[in-house]
Amino acid sequence: MTTIQKKANNPIAHLSKEQIAELGRELDAIRQEIVDSRGADDAAYIRKVIKTQRYLEMGSRGVLLFSIFPPAWVLGTVGLSVSKILENMEIGHNILHGQWDWMRDPKIHSSTWEWDNVTPSDAWKHSHNEVHHTYTNIVGKDNDLGYGIMRVDEDQKWYPMYIAQPAWNFINACFFQYGIAAYDLELGKNLSRPKEKRPADFDDQVKKVLVKIRKHMTRDYVIHPVLSIPTGSFVPTIAANLVANWARNMWSHSVIMCGHFPEGVETFEREMLDEDETRGDWYIRQMLGSANISGSKLMHIMTGNLSHQIEHHLFPDLPSNRYAEAAVKVKAVFDKYELNYLERPLVPQIYSAWHKVVRLSFPNGWLETTTVKNLPKQVGVLAKMVTGGRKTRRALQRQLDDQARRRAVKVEKAEVVEAA
């Protein structure tokens with residue numbers, strides 16, 4: 001993958017400005033149709049999900065009071081994991097997007113909801129709603145592209161630290177809510193600055209995160225385990241909470257990776273913003289910069305309907321239970337304008353995202369030019385690029401680029417001969 005503007009076969013080159021404008025009007029009409037039809041059934045849906053999640057959490061924690069017994073531990077841990085996923089994905093994420101603000105219910109509103117996540121709602125809404133959804137997949141503007149710690153596009157410069165990105169991506173998955181908190185704070189960037197150059201509210205934001213961490217730790221690893229002491233379930237309850245939080249983190253990370261990381265998702269250059277981006281242009285960026293997961297209704301609910309990532313990015317403030325309905329009409333728009341609607345089942349989509357993380361941990365051209373025969377030599381080249389200075393990396397990168405180009409030409413000629 002490389003930014004769409006640099007592709008030899010630009011997937012939107014066939015569209016005129018008039019067609020892009022018309023595409024924008026058609027998608028606006030789809031959105032407005034759903035906005036006009038929101039009503040009691042939608043409100044009943046989110047209230048039912050919230051009620052189900054809360055009963056599931058309470059019931060699971062009740063079962064874990066007896067988690068000294070293996071069946072109770074398994075049942076309580078699974079139930080608590082599911083309840084945490086529901087709260088994080090279908091409830092918290094979507095309420096904070098303002099999807100249910102139209103209900104005018106002060107208890108289910110983006111301005112009042114505080115979710116079960118160590119990132120405070122206000123900080124997350126800024127980094128996610130305002131930044132990510134505005135600058136979706138623009139290299140250098142959308143920090144969700146690799147969360148600032150990974151290389152997920154060929155046009156991102158390769159540095160030696162990226163060789164370890166598969167490992168730290170897995171670590172990030174295990175502790176995902178803490179990684180997101182650090183990301184929202186821009187922790188590395190701000191801690192490297194002198195105090196006087198940090199945002200004025202940085203210290204306050206750090207304190208808010210620490211307060212939430214303390215509350216979560218106290219609830220999951222002190223209060224509920226202590227309540228389990230009479231049955232001898234103190235340690236099993238701690239273990240159950242650890243597993244439930246880990247499961248929620250792994251699931252959330254996997255679903256979110258599937259939304260923008262898989263092979264086939266497009267990225268864009270900053271210059272796109274300098275060209276007076278129209279509503280239609282913005283829609284196209286969301287359409288081609290996102291990917292869906294196909295599956296059952298239950299799977300969609302457990303992903304917070306982010307399995308409909310394309311529809312979510314087109315219409316982030318629409319009720320999540322309506323994305324499946326919108327998807328049918330959105331697919332028709334893709335077909336009409338000959339655009340690629342990127343959708344795969346869950347496992348292939350996760351594999352695709354991880355494949356890209358691993359592939360781009362290496363310098364451009366390294367994998368393409370590596371064979372079993374030349375592997376020792378290529379490992380030596382990689383070692384020099386990891387340990388060498390900037391000049392060494394540049395020189396070796398030029399060599400890899402030349403080798404990759406020659407190989408591509410050779411493959412192309414072979415295909416032509418085979419076709420003839």
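Some values worked out for this structure:
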| quantity | calculated |
| --- | --- |
| Ser320 modelled with pLDDT of 95 or more, touching a helix residue (DSSP H, G or I) at 6+ places or on another chain (Cβ under 9 Å) and farther than 23 Å from Asp101 by Cβ | no |
| Number of the exception - Ala408 against (1) under 26 Å from Ile12 (Cα atoms); (2) at pLDDT 95 or above | (2) |
| Criterion (surrounded by fewer than 19 Cβ atoms within 10 Å (Cβ to Cβ), in the same structural domain as Ala244 (by TED's automatic domain parsing) and under 15 Å from the mean Cα position of the chain (by Cα)) met by exactly one of His133, His126 | His133 |
| Selection within the range 366-420 - surrounded by 15 or more Cβ atoms within 10 Å (Cβ to Cβ), free of Cβ contacts under 8 Å to residues at least 24 places away in the same chain and hydrophobic (A, V, I, L, M, F, W, C) | Leu367, Val381 |
| Among the candidates Ile284, Ile301, Ile256, residue that is under 18 Å from Ala21 (Cα atoms) and in the same structural domain as Gln53 (by TED's automatic domain parsing) | Ile284 |
| Matching entry among Ala182, Ala244 (being among the small types (Gly, Ala, Ser) and without any contact (Cβ under 8 Å) to a residue 40 or more places away in the chain) | Ala182 |
| Tally, over the range 301-341, of residues that are more than 15 Å from the chain's Cα centre (by Cα), on the phi < 0 side of the Ramachandran plot and of a type outside the set (A, V, I, L, M) | 16 |
| Residue, surrounded by the most Cβ atoms within 10 Å (Cβ to Cβ), within the range 330-365, restricted to residues that are touching a residue at least 60 places away in the same chain (Cβ under 8 Å), of a type in the set (A, V, I, L, M, F, W, C) and more than 30 Å from Arg398 (Cβ to Cβ) | Val330 |
| Residue, nearest to Gln32 (Cα to Cα), within the range 285-329, restricted to residues that are surrounded by fewer than 24 Cβ atoms within 10 Å (Cβ to Cβ) and β-branched (Val, Ile, Thr) | Val328 |
| Meets criteria (within 30 Å of Met299 (Cβ to Cβ), in contact (Cβ under 8 Å) with a residue 40 or more places away in the chain and out of contact with any strand residue (DSSP E or B) (no Cβ under 9 Å at 6 or more places or on another chain)) for Ala326 | yes |
| Flag if Arg344 is in a strand (DSSP E or B), on the phi < 0 side of the Ramachandran plot, of a type in the set (Lys, Arg) and out of contact with any helix residue (DSSP H, G or I) (no Cβ under 6 Å at 6 or more places or on another chain) | yes |
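The values are calculated or read from the model by the stated rules, or taken from the named source; none is laboratory data. Since the structure is predicted, the reported quantities are computational estimates derived from the model, not experimental observations. Neighbour counts run over all protein chains shown; Cβ positions are idealised from the backbone, glycine included.
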